[in-house]
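Report on the structure given below.
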Amino acid sequence: NLKQFNNMKTTIHLLLCVLISFVAQAQKKQPNIVFIMSDDHAVSAVSAYNDWLAQLAPTPNIDRIAQEGMLMHATYNTNSICGPSRAAILTGKYSHVNGFFKNEKGGDFDASQQTFPKLLQKAGYQTAVVGKWHLGTAPTGFDYSKVMVNHGGQGTYFNTVFVENGTKTIEETTRHSTAQVAHDALKWLDETRDKDKPFMLMYQFKAPHRPWTPNPKFKDLYTEDFPHHETFNDDYEGRIAASNNMLEIENHMNRKDLKVPAPEGLTRRERGRYERFGNNGQFWTPHDSLQGAALKNWKYQRYIKDYLRCVAGVDEAVGQMLDYLEANGLDENTIVVYTSDQGFYLGEHGWFDKRWMYEPSFRMPFMIKYPKKIKAGTHNKELLLNIDFAPTLLDLAGVSIPKDIQGESFKKQLYGKRYKGRDAVYYHYYEYPFWHKVQPHYGVSTGKYKLIHYYYDMDEWELFDLENDKNEMQNLYGKPGYEKITFTLKQKIKSLQKQYKDDMSLDEMRAMTDMVVKRVYSERNN
């Protein structure tokens, strides 16, 4: 009858409303986030970038993230050194604003300040960090943390000491640090987290940081010698600051770096002196018949192979995470990021380490996948900064971005929508002279040109035409024909310094370098 028909219509209507509401809620479900970060992983050692080492040292698991999402080609660091980069990533703010601008004698990270994990936590996320932290103070804004604390906060590759949830000290003796971090992160995902909440996991490795000690399972990887980068024998002509350094493979690698065993019977102090010998340019050779170019190549081969073996361990751990997400039905609604805290030198300019505004250390790997929203196999070449990571992750999670965050969300780039990109990126490095005697400097890059000012105990400028001199070998500053671009870039520096509140005097900048504030963890073992 009509009454029954109307009741049926009402019931169907209600069911449809419930179904529509359920679908809408499912569509609004906040994505999970897995933020994977290694330490000192050069762009050239990520095969997705098809750089000079790509065919020789592939990273198939890391590459999966790029293949299933977007590869960013122009991601840069604001201060290329471990702790300050991590602080910038957490806060979305430059070093001079978040207060953590150098590792050596710069104090510890102010853990009371706003970070993106805290903001996600307030928005209902369950948050965790596992692995390297290197900020001195205990992690805040995390429901779970297990971070490395020995060796000056760097952690070690073996017998790594962790602090769990800020209180419990654990020495892990059965696994290489990379494998241990993978084990702990997967255990948290599988056994501990609240399955009814979205999660944000920071999955962070010590590798491939110095002293580049790989898992023994990779000891036979890379038996053939690697080629040298075309700038391997750079003479630094026209670049005074670059010629005055302590990060040359030939002259500044020590015996521990290159796995030369210490003699038997030494005390702990004597062993330390033996292993550190070479840091300050002292000459040494494993045997007197090895000298000159042959010695330099021997050091390079020992270094590059161990570095890339450490990368292989990270790649394996990334694969384990991706496999877990897929096996447990989490991959479709999980944002996965892979990055490093900065780039690194793998023989470019004859160097190891980072710190400089030159491309190998200034540029960072960054790739991201989110199957629901990001088209697989896409690329982006816009200028990005590490301070952009925090606002972007907040934006992707549907969390409001505080106005005091200095970075900019690049969600529109990821989603293929119209956007206005940056026309330049600003950089500032402070630490001197430890560890590698890199002059404090600031600068700006447009992607086409780069202008750098070294200001601590010299007044030197460098200008590079990146399109015609990708290796930054020819300093064009002061050369005829470059007056206009130099003027324009200096004006851009002033504009960005004002925008980012870094428009202090040179004396004030030098005072930041000279400042001495003890850290909780001694950095003497860097």
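Results, tabulated for the structure shown:
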| read-out | value |
| --- | --- |
| Flag for VAL130 being assigned to a strand (DSSP E or B) and in contact (Cβ under 8 Å) with a residue 40 or more places away in the chain | yes |
| Some residue of the stretch 84-99 being aliphatic (A, V, I, L, M), free of Cβ contacts under 8 Å to residues at least 60 places away in the same chain and closer than 15 Å to GLU431 by Cβ | yes |
| Complete set of residues in the stretch 445-500 that are open to solvent by 10 Å² or more (accessible area, probe 1.4 Å), closer than 19 Å to TYR426 by Cβ, of a type in the set (A, V, I, L, M) and not in a helix (DSSP H, G or I) | LEU466 |
| Some residue of the stretch 357-366 being open to solvent by 10 Å² or more (accessible area, probe 1.4 Å) and not acidic (Asp, Glu) | yes |
| Test: residue in the stretch 240-253 that is at pLDDT 95 or above and farther than 30 Å from TYR456 by Cα | no |
| Among residues of the stretch 25-42, those that are open to solvent by 10 Å² or more (accessible area, probe 1.4 Å), over 17 Å from VAL336 (Cα atoms) and modelled with pLDDT of 95 or more, counted | 0 |
| Which listed residue, of GLN413, GLN439, is within 30 Å of MET253 (Cβ to Cβ), at pLDDT 95 or above and within 22 Å of the chain's Cα centre (by Cα) | GLN439 |
| The one condition in (1) farther than 19 Å from ASP40 by Cβ; (2) acidic (Asp, Glu); (3) surrounded by 16 or more Cβ atoms within 10 Å (Cβ to Cβ) that GLU248 fails to fulfil | (1) |
| Unmet criterion (only one of (1) closer than 22 Å to PRO84 by Cβ; (2) part of a loop (DSSP other than H, G, I, E, B); (3) not aromatic (Phe, Trp, Tyr)) for SER145 | (2) |
| Residues (crowded, with 19+ Cβ neighbours inside 10 Å, in contact with a helix residue (DSSP H, G or I) (Cβ under 8 Å, 6 or more places away or on another chain) and either in a strand (DSSP E or B) or not aliphatic (A, V, I, L, M) (or both)) located in the stretch 189-204 | PHE199, MET200, LEU201, MET202, TYR203, GLN204 |
| Positions within the stretch 337-379 being within 16 Å of the chain's Cα centre (by Cα) and among the β-branched types (Val, Ile, Thr), in sequence order | VAL337, THR339, ILE368 |
| Which listed residue is open to solvent by 10 Å² or more (accessible area, probe 1.4 Å), within 16 Å of VAL318 (Cβ to Cβ) and in contact (Cβ under 8 Å) with a residue 40 or more places away in the chain, from LEU221, LEU186 | LEU186 |
| Number of the condition not met by LYS412 [criteria: (1) charged (D, E, K, R); (2) in contact (Cβ under 8 Å) with a residue 12 or more places away in the chain; (3) outside any loop (DSSP other than H, G, I, E, B); (4) over 30 Å from SER243 (Cα atoms)] | (2) |
| Selection count, the stretch 88-119, where residues are open to solvent by less than 10 Å² (accessible area, probe 1.4 Å), out of contact with any strand residue (DSSP E or B) (no Cβ under 9 Å at 6 or more places or on another chain) and of a type in the set (Gly, Ala, Ser) | 1 |
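The values are calculated or read from the model by the stated rules, or taken from the named source; none is laboratory data. Quick caveat, the model's predicted, so the values are computed rather than measured. Positions of Cβ are backbone-derived with ideal geometry, glycine not excepted, and every protein chain shown enters the neighbour counts. In case anyone asks, the SASA skips ligands and DNA or RNA and just uses the protein heavy atoms, side chains included. Shrake-Rupley method; radii C 1.70, N 1.55, O 1.52, S 1.80 Å.
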